[in-house]
Amino acid sequence: MSVRYKAGSFECGGGFVRSILREKTNGDEQILLVNTNKTYSSPDDAAILAKTDIEQSLAYAQSGKFQSIDHALSATGYQQIVEEKE
């Protein structure tokens with residue numbers, strides 16, 4: 001099974017943060033990862049940087065610097081958004 005990564009931005013704290021939608025290609029699971037280390041005024045700026053993060057993390061995983069793209073993204077500050085259930 002393959003995993004697809006889609007760069008974007010997420011509104012947070014009066015600005016935008018980098019976000020990545022991680023989804024399995026069979027449609028079973030979607031996870032939104034966000035990096036709140038820096039807030040941007042433009043959603044486009046945040047999305048462009050998220051795309052760069054995906055490409056860099058893939059290169060790190062392929063070179064063996066990290067075990068996987070997920071590990072590399074985590075190391076750069078991406079965290080999964082979890083919904084709280086009441």
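The values are calculated or read from the model by the stated rules, or taken from the named source; none is laboratory data. The model shown is predicted, which means the values in this text are computed figures rather than measured ones. Here Cβ is always computed from backbone atoms with ideal geometry, including for glycine, and neighbour counts include all displayed protein chains.
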**Message:** Here's a check for you: in the range 1-23, which residue that is more than 10 Å from the chain's Cα centre (by Cα) and among the charged types (D, E, K, R) is farthest from Val82 (Cα to Cα)?
**Reply:** Arg4
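Listed here are the residues, each with its yes/no results for (1) modelled with pLDDT of 95 or more; (2) touching a helix residue (DSSP H, G or I) at 6+ places or on another chain (Cβ under 8 Å); (3) in a strand (DSSP E or B).
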site: Ala7; (1), (2), (3): yes, yes, yes
site: Glu11; (1), (2), (3): no, yes, yes
site: Ser19; (1), (2), (3): yes, yes, yes
site: Asp44; (1), (2), (3): yes, no, no
site: Ala50; (1), (2), (3): yes, no, no
site: Ala72; (1), (2), (3): yes, yes, no
**Item:** Hits in the range 74-86 (condition: assigned to a loop (DSSP other than H, G, I, E, B) and touching a Leu at 6+ places or on another chain (Cβ under 9 Å))
**Value:** Tyr78, Ile81
**Prompt:** From the residues in the range 4-23 that are free of Cβ contacts under 8 Å to residues at least 40 places away in the same chain and in contact with a Pro (Cβ under 8 Å, 6 or more places away or on another chain), which one is surrounded by the fewest Cβ atoms within 10 Å (Cβ to Cβ)?
**Reply:** Glu11
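For Glu55, indicate whether it is within 14 Å of Ile81 (Cα to Cα), free of Cβ contacts under 8 Å to residues at least 12 places away in the same chain and not aromatic (Phe, Trp, Tyr).
Details: within 14 Å of Ile81 (Cα to Cα): no; free of Cβ contacts under 8 Å to residues at least 12 places away in the same chain: yes; not aromatic (Phe, Trp, Tyr): yes.
For Glu55, the condition - within 14 Å of Ile81 (Cα to Cα), free of Cβ contacts under 8 Å to residues at least 12 places away in the same chain and not aromatic (Phe, Trp, Tyr) - is not met.
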**Prompt:** Taking the range 24-44, which residues are more than 11 Å from the chain's Cα centre (by Cα) and either touching a residue at least 60 places away in the same chain (Cβ under 8 Å) or buried (at least 16 other Cβ atoms within 10 Å of the Cβ) (or both)?
**Reply:** Tyr40, Pro43
**Prompt:** Does any residue in the range 61-80 that is under 21 Å from Phe10 (Cα atoms) and surrounded by 15 or more Cβ atoms within 10 Å (Cβ to Cβ) come within less than 7 Å, Cβ to Cβ, of a residue that is of a type in the set (Val, Ile, Thr) and modelled with pLDDT under 95 six or more places away or on a different chain, and which pairs are these?
**Reply:** none
**Prompt:** Taking the range 21-37, which residues are in a loop (DSSP other than H, G, I, E, B) and either closer than 16 Å to Lys51 by Cβ or touching a Ser or Thr at 6+ places or on another chain (Cβ under 7 Å) (or both)?
**Reply:** Thr25
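Could you count how many residues in the range 52-70 are assigned to a loop (DSSP other than H, G, I, E, B) and acidic (Asp, Glu)?
Let us first name the residues in the range 52-70 that are assigned to a loop (DSSP other than H, G, I, E, B), namely 64-68.
This time we only want the ones that are acidic (Asp, Glu), so: none.
Within the range 52-70, residues that are assigned to a loop (DSSP other than H, G, I, E, B) and acidic (Asp, Glu) number 0.
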